[in-house]
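First the structure, in the form of structure tokens, and then the observations on it.
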Amino acid sequence: MDISTHKTHTGAPAPTPRPAASQRKHAARGATRLGDRVFLGLTRGSGILLLAIMVAIAGFLAYRASLAISKDHGNFLTTFEWNTGQQPPVFGIAVLAFGTVVSSIVAMVIAVPVAVAIALFLTHYAPRRLSGPISYVIDLLAAVPSIVYGLWGALILVPHMNGLFGWLNDYFGWTGVLSWEGGPPRSMLTVGILLAVMILPIITNVSREVFRQVPRMHEEAALALGATRWEVIRMSVLPFGRSGVISASMLGLGRALGETMAVATVLSPNFLIKASLLDPGGGTFAQNIASKFSEASEFGRDALIASGLVLFVITLLVNGAARMIIARRKEYSGANA
């Protein structure tokens, strides 16, 4: 390698910077190395494989769903019934879509504020000797299987919901949404509370890591200007971590939308849409598939797959909306640290 030199003020030779053209040529040679080509091929192949898997899943669901919907004698999107064994078959997803969306919204309304509050406490308020054990417990909750949550909900949560339901009915029953007629508390609100407990660790863990990435100089600058601890969080921490919290919420929402066994264990399913969240009944896509798939006929399974296709589309739309929100929120960027 020919590198021209010149004398520094100390008399020692110093290398001159490599010309720009030489740097580009050197970079091009590095890009053609075997290791770089192999790594590029592996990463590109992984991305293509993921897209192929998604397309294959969508194609399978669409094909099997078309077989069932073509024989449906009702409106698949608006029918309040699921009878695939009768002739002619009549089935629809109106109740399932309503129950899935409502239970997920209830879970998010409960879980997101609590999870963000816990994450802020662990990162900005709790002493180190306390934040460590609490973080460990939260990580442990994320590893609990859903069937265990379902058993806990059926044996512990449901029997102790009567008092809460009675209080809500006494003070907020006039709204109609929180009225209660005294039935068993196996309702959408109970399912939403159980789902909130299940997704709480996911949202908390991701939000906690995002808040830890807030540049320290941002917080110190706010404190130097006389801001209180809450003002620092409101002006520096929350704007920086907003997109991260949205991403964490979407991860939690994805689990809430697709949760199966816990919902099936707690809910008393029926194909009725009720205005009150406290009245028993309702259903979700995943719960309906889990409870009916093993005993369904070939046509019944196609009908259940059709409902699974709707859940697949809802999940894609939710994640797409989340990506659009995050793209418009540029405050969270690791490059700012």
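For the range 55-86, a tally of residues being closer than 16 Å to Phe285 by Cβ, aliphatic (A, V, I, L, M) and free of Cβ contacts under 8 Å to residues at least 24 places away in the same chain returns 1. Kindly indicate whether any position in the range 274-288 is charged (D, E, K, R) and in contact with a helix residue (DSSP H, G or I) (Cβ under 7 Å, 6 or more places away or on another chain). No, the range 274-288 contains no residue that is charged (D, E, K, R) and in contact with a helix residue (DSSP H, G or I) (Cβ under 7 Å, 6 or more places away or on another chain). Evaluate the following for Val206: is it assigned to a helix (DSSP H, G or I), β-branched (Val, Ile, Thr) and in contact with a Gly (Cβ under 8 Å, 6 or more places away or on another chain)? Taking the combined requirement at face value, the residue satisfies it. Checked against the criterion of being closer than 26 Å to Thr265 by Cα, touching a Ser or Thr at 6+ places or on another chain (Cβ under 7 Å) and modelled with pLDDT of 90 or more, the candidates Val116, Val112 yield just one match: Val112. Of all residues in the range 141-159, those that are out of contact with any helix residue (DSSP H, G or I) (no Cβ under 7 Å at 6 or more places or on another chain) and outside any loop (DSSP other than H, G, I, E, B) total 5.
Does Leu157 count as free of Cβ contacts under 8 Å to residues at least 60 places away in the same chain and farther than 23 Å from Phe271 by Cα? When the stated conditions are applied, Leu157 does not pass them. Summed over the range 160-179, the residues that are part of a helix (DSSP H, G or I) and free of Cβ contacts under 8 Å to residues at least 40 places away in the same chain give a count of 12. Set side by side, the residues Val237, Val206, Val191, Val263 differ, and just one is within 19 Å of Thr123 (Cβ to Cβ), among the β-branched types (Val, Ile, Thr) and in contact (Cβ under 8 Å) with a residue 60 or more places away in the chain, which is Val237.
I'm told Ala303 meets every condition in (1) of a type in the set (A, V, I, L, M); (2) over 24 Å from Leu253 (Cβ atoms); (3) surrounded by fewer than 18 Cβ atoms within 10 Å (Cβ to Cβ) except one. Can you identify the failing condition by its number? Unmet condition: (3). Restricting the range 216-263 to residues that are assigned to a loop (DSSP other than H, G, I, E, B) and either modelled with pLDDT under 85 or of a type in the set (Ser, Thr, Tyr) (or both) leaves a set whose member that is surrounded by the fewest Cβ atoms within 10 Å (Cβ to Cβ) is Gly226. Once the range 264-297 is narrowed to residues that are assigned to a helix (DSSP H, G or I) and under 17 Å from Gly92 (Cα atoms), the residue that is farthest from the chain's Cα centre (by Cα) is Lys292.
Considering only residues that are loosely packed, with under 15 Cβ neighbours inside 10 Å and over 22 Å from the mean Cα position of the chain (by Cα), which ones fall in the range 204-215? Passing the criteria: only Pro215. Scanning the range 209-231 for residues that are β-branched (Val, Ile, Thr), in contact (Cβ under 8 Å) with a residue 24 or more places away in the chain and either touching a Ser or Thr at 6+ places or on another chain (Cβ under 7 Å) or more than 30 Å from Gly153 (Cβ to Cβ) (or both) yields a single hit, Val214.
The values are calculated or read from the model by the stated rules, or taken from the named source; none is laboratory data. Everything numeric here is computed off the predicted structure, so don't read it as measured data. Please note: Cβ atoms are built from the backbone with ideal geometry, for glycine as well, and neighbour counts cover all protein chains shown.
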